[in-house]
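Presented below is the structure to which this report refers.
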Amino acid sequence: MGSRSMAMNGNDMKAQQSDRLKKPVDVFRGAGKNNPLVVAAFKAFTRILTKTYIRLQVEGLENVPDEGACLIITNHLSGLDPFLIGIPIDRTVYCLAKVELYQSALLTWILNSLGYIPLDRSKTDIASMRIVLRLLRNGEAIGISPEGTRSETGEMQPFGDGATKLALHARVPILPVSVYGTRELMPPGTYGFRSGKVYIKIGQLFELSDAYGKPMTPELLEENTAILYEKVAELFEQIRYRPLK
């Protein structure tokens, strides 16, 4: 009885020591402040990749503003989407990334150095939104996938109203972008990727100016979220049936 109690106490002590060693990761450390050297190195690597392994076809690059705040909205097919969309755009784009990706201090440093902003999708993430609004006020570009998660079927999913709220609150232009082919390169649930072709189509800037200054009622949000969806869906329909070989 006594020895069993001592063994249990010993196990409890080990568990407590293990818990003390597991320091929580500060996911917001460095968020919203990218590292130019890390970004340059990563872009150089991915550009080499797209010339040797992934064939990237981009249309509408002239629609990307050289400067000034804008909200870039895209469909979401694969974990490759934000990396590939960012390659041809010759300016810093800060993207929202699910907080589940921030598994360690090293991953946190890498993601935040590349300009990613952690987002807790289980709630209204005030800390993330403050960073995003600050960046928009400073004239930066923010990338967001209003679907909220990757499509399991390859079809576009309904948009959440988070991007709509951001656009109305910050009153910034919106740049619609659609991507096709990334799901075949890196299907949901996988981490490796195969060679292939990817299409990116960039639409024209637009604003939700008719809704500026109006109360953000559910009806207003629904109406304007539908506008965002239609802009991206129109681009998607133009590229989704193109050959991937």
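What list of ³J(HN,Hα) couplings, whole Hz, do you get for segment 203-211 from phi and the Karplus terms 6.51, -1.76, 1.60, once you set θ to phi - 60° and write x for glycine and proline?
Couplings: x, 8, 4, 8, 10, 9, 4, 5, 9 Hz.
Compute the relative contact order of the chain as a whole-number percentage, counting only Cα pairs closer than 8 Å that sit 6 or more residues apart in sequence.
On the way: 389 pairs, mean separation 63.7, N = 245.
That works out to 26 percent.
So what is the 222 nm mean residue ellipticity for the chain from helices alone, if each DSSP H run of at least 4 adds -39500 (n - 2.57) and you divide by all residues, rounding to the nearest 500 deg cm²/dmol?
-12500 deg cm²/dmol
Within segment 121-245, how many Lys pairs that are eight or more residues apart, or on different chains, come under 26 Å at the alpha-carbon?
Step by step, the pairs that qualify in segment 121-245 add up to 10.
Run the simple label-point estimate for Thr52 and Tyr191 please: 7 Å along Cα→C-beta, distance reported in nm.
2.2
Using only the Cα atoms of segment 28-78, each taken as one equal point scatterer with no solvent, compute I(q) by the Debye sum, divide by I(0), and report log10 of the ratio at q = 0.15, 0.18 Å⁻¹.
Calculated log10 I(q)/I(0) at the listed q: -0.71, -1.03.
Relative contact order for segment 103-245: what percent, with Cα pairs under 8 Å and sequence separation of 6 or more?
22
Just to be sure I understand the rule: take each whole DSSP H helix in the chain, project its Cα atoms onto its long axis, keep it if the span is 18 Å or more and its mean Kyte-Doolittle hydropathy is at least -1.0. Which ones pass?
Helices meeting the criterion: 36-52, 218-239.
Put one equal scatterer on each alpha carbon of the chain, apply the Debye formula with no solvent term, and list log10 I(q)/I(0) at q = 0.09, 0.11, 0.12, 0.16 1/Å to two decimals.
Values returned for q = 0.09, 0.11, 0.12, 0.16 Å⁻¹ are -0.43, -0.61, -0.71, -1.20.
Taken together, the values in this text are just the output of simple stated rules run on the coordinates, not laboratory data. Only a predicted model underlies this, so the values are computations on that prediction, with no experimental measurement involved. No Cβ is skipped: glycine too gets one built from the backbone with ideal geometry, and neighbour counts run over all protein chains shown.
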